[in-house]
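Quick notes on the structure that follows.
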Amino acid sequence: MNRATPKVTVVGSLNIDLVCHAIRRPDKGETIIGDAFDIFTGGKGFNQATAAARLGAEVSLVGSIGTGPFGDLLRTAIKKEDINSRFIIRRTDIGTGIATIVVEPDGDNSIIVVPRANMALTTADIDAATDCIADADVLLLQLETPIAASEHAAAIAKHHGATVVLNPAPAQPLPNSLLGYVDILTPNQSETELLAGIPINSHDDARRAAETLRERMADTENSAVVLTLGEQGTLMLTETTSELIPALPVQPVDTTGAGDAFCGALATALASGENLQSAVKFANAAGAAAVTVIGATPSMPTRTKIERLMSTTHADLTEPQGK
Ligand code: RIB
């Protein structure tokens, strides 16, 4: 089934990314000279909303920014991406969220996020956005805004029959009261290890950890864990299947935002009525496309780029496995 205009509502963060490109990250107490500096828009919420909008979804973003030049930069970017910004609150008492990022020559990154205005998002702000949450096909959440706000949004979405996707990043322990509303969880390896309390050294460990998480989720018959494992691919675990979808071979220049491209694409495909397996394959390609471009928001791919990547790699890279 393909819906004419998929509707995705994102409740999440908006940041300004201060990015240093350097040969390596500094050690404790060390100062090093970097090679380049960039300022980009970012924040997991804004990146994921941008990915969904670039892929054709009607997107609303619920979040919180400060006044001042960083807030202005984000306002301009939101407008450019054609995202509904009615429920983005501008606070006068606190600055816009920022992230300081070091990107190494192999594209690997280290990030410190200072959430600032993102953490001022309240359940009352979510109440104000009830209609756009209730109207969504998919509600997409991350963990750079308060858990109480996310949980409230998830409750509204579930009540109105929307699919709730939670990207549990950055990693932190999660209450069952939030997980209980989640249909699809998209952790990476370290987030899975923290949430499940299981170190992952093999695909079997990954399956076991994903199953542990799935048991804490909404409706265990229909819920799924989609575990991104970087170069190892993506493990999709449902009640009846477990499938490893291999990573697509690309040359990374900056991995920042790859997980966001993945989640935005997954939400858009699901909101369009695609089944989970084809939505995960599409998202896998979106994540791969994102690592080929420098910057978080700038790397969110178009549909043309994803489709080109999917068609130029091996016809079918999946490895179906019984559970
Ligand atoms: O996922 C990448 C994002 O994480 C960056 O844009 C940064 O702002 C942090 O939120």
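The values are calculated or read from the model by the stated rules, or taken from the named source; none is laboratory data. Keep in mind that this is a model prediction, so the values were computed, not measured. Virtual Cβ from ideal backbone geometry, glycine too; neighbours counted across all protein chains shown. Accessible surface is based on the protein model in full, side chains and every heavy atom, while ligands, DNA and RNA are left aside. Shrake-Rupley method; radii C 1.70, N 1.55, O 1.52, S 1.80 Å.
Table for the structure above
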item	result
Of all accessible heavy-atom area on segment 168-273, the percent that carbon and sulfur account for (1.4 Å)	49
Part-to-part distance (alpha-carbon centres) for segment 237-255 and segment 141-158, which is given in Å	26
Relative contact order of segment 85-128, pairs being alpha-carbon contacts under 8 Å that are 6 or more residues apart, as %	38
Solvent-accessible area per residue, Å², over segment 205-300 with all protein chains present [probe radius 1.4 Å]	31
Percent accessible area from carbon and sulfur atoms, segment 1-151, protein chains only, probe 1.4 Å	53
Fraction of antiparallel bridges per DSSP, segment 173-273 only, in percent to nearest 5	75
Within the chain, percent of DSSP bridges classed antiparallel, to nearest 5	45
Residue-normalised accessible area of segment 1-136, given per residue in Å² at a 1.4 Å probe	48
Selection of GluC sites (Glu not before Pro), segment 237-290, meeting DSSP coil and at most 11 other Cβ within 10 Å	none
Ranked packing of 186-197, 286-297, most packed first, by mean Cβ within 10 Å	286-297, 186-197
Segment 188-323, relative contact order [Cα under 8 Å, separation at least 6], %	21
